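Here the structure is laid out as structure tokens; the discussion comes afterwards.
Values quoted throughout were computed directly from the atomic coordinates according to the rules given, and no laboratory measurement underlies them. Every value quoted in this text rests on a predicted model; they were computed, and no experiment measured them. Here the Cβ positions follow ideal geometry from the backbone for every residue, glycine too, while neighbour counts run over all protein chains shown.
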Amino acid sequence: MKVLVLNGPNLNRLGKREPGIYGSTTYDDLAASLVAHGRKRRLAVEVRQTNHEGDLIGWLHEAADEGCPVVLNAAAWTHTSVAVGDACAQLTGLLIEVHISNVHRREPFRHHSYISAHATGVIVGLGVRGYEHALDFIADEAQTDIE
Ligand code: DQA
């Protein structure tokens, strides 16, 4: 089963970006580990990142058309983008919202999400391990590893 793991702005800077908040794992290492983890759970994981909002909206439309599950860290657009929220509203598969940091312990502007109302569930503050938990949830729901 195809799963899209979609990442918004600045997440390509993981490892270099505010490591005290986001940790030392690089984006490339994270992407490789999620593909490998997906393979173990019989998920065909595609990890993508963009700094351009239209790219993310296009990928969400792709997921909507295909009905495939999405793991989404929309980063700052989480808190600002009605358009990303509207694209999430069109999804029919599972949508797991992930944030590396615990946004609720941070500035008030990070407490609101345009995505959460459309999400199956939300994982915040578990570091990059949150993405793996999201994939495990999707695999468990789909029972992909049961013949
Ligand atoms: C983030 C939290 C957002 O508030 C922030 O803008 C990010 C990353 C996280 O993963 O913790 O870029 O989504």
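Looking at Ser24, Ser33, which is the one that is among the polar types (S, T, N, Q), assigned to a helix (DSSP H, G or I) and surrounded by fewer than 20 Cβ atoms within 10 Å (Cβ to Cβ)?
Matching residue, one of Ser24, Ser33: Ser33.
Select from segment 50-69 the residues that are surrounded by 22 or more Cβ atoms within 10 Å (Cβ to Cβ) and within 15 Å of the ligand (Cβ to nearest atom) and list them in ascending order.
Leu56
Taking segment 55-83 as the region of interest, how many residues are in contact (Cβ under 8 Å) with a residue 40 or more places away in the chain and either over 21 Å from Gly130 (Cβ atoms) or assigned to a helix (DSSP H, G or I) (or both)?
Counting residues in segment 55-83 that are in contact (Cβ under 8 Å) with a residue 40 or more places away in the chain and either over 21 Å from Gly130 (Cβ atoms) or assigned to a helix (DSSP H, G or I) (or both) gives 8.
In segment 70-112, how many are among the charged types (D, E, K, R) and either surrounded by 13 or more Cβ atoms within 10 Å (Cβ to Cβ) or away from the ligand (no atom under 12 Å from the Cβ) (or both)?
Looking only at that region, the number is 4.
I need the full set of residues from segment 91-107 which are closer than 27 Å to His37 by Cα, outside any helix (DSSP H, G or I) and not hydroxyl-bearing (Ser, Thr, Tyr), in order please.
Within segment 91-107, Leu91, Gly93, Leu94, Leu95, Ile96, Glu97, Val98, His99, Ile100, Asn102 qualify.
I need every pair where a residue in segment 18-35 that is closer than 15 Å to Glu132 by Cα has its Cβ under 7 Å from the Cβ of a residue that is of a type in the set (S, T, N, Q), sequence separation at least 6 or different chains.
Listed pairs, sorted by first residue: Tyr27/Asn12; Tyr27/Gln49.
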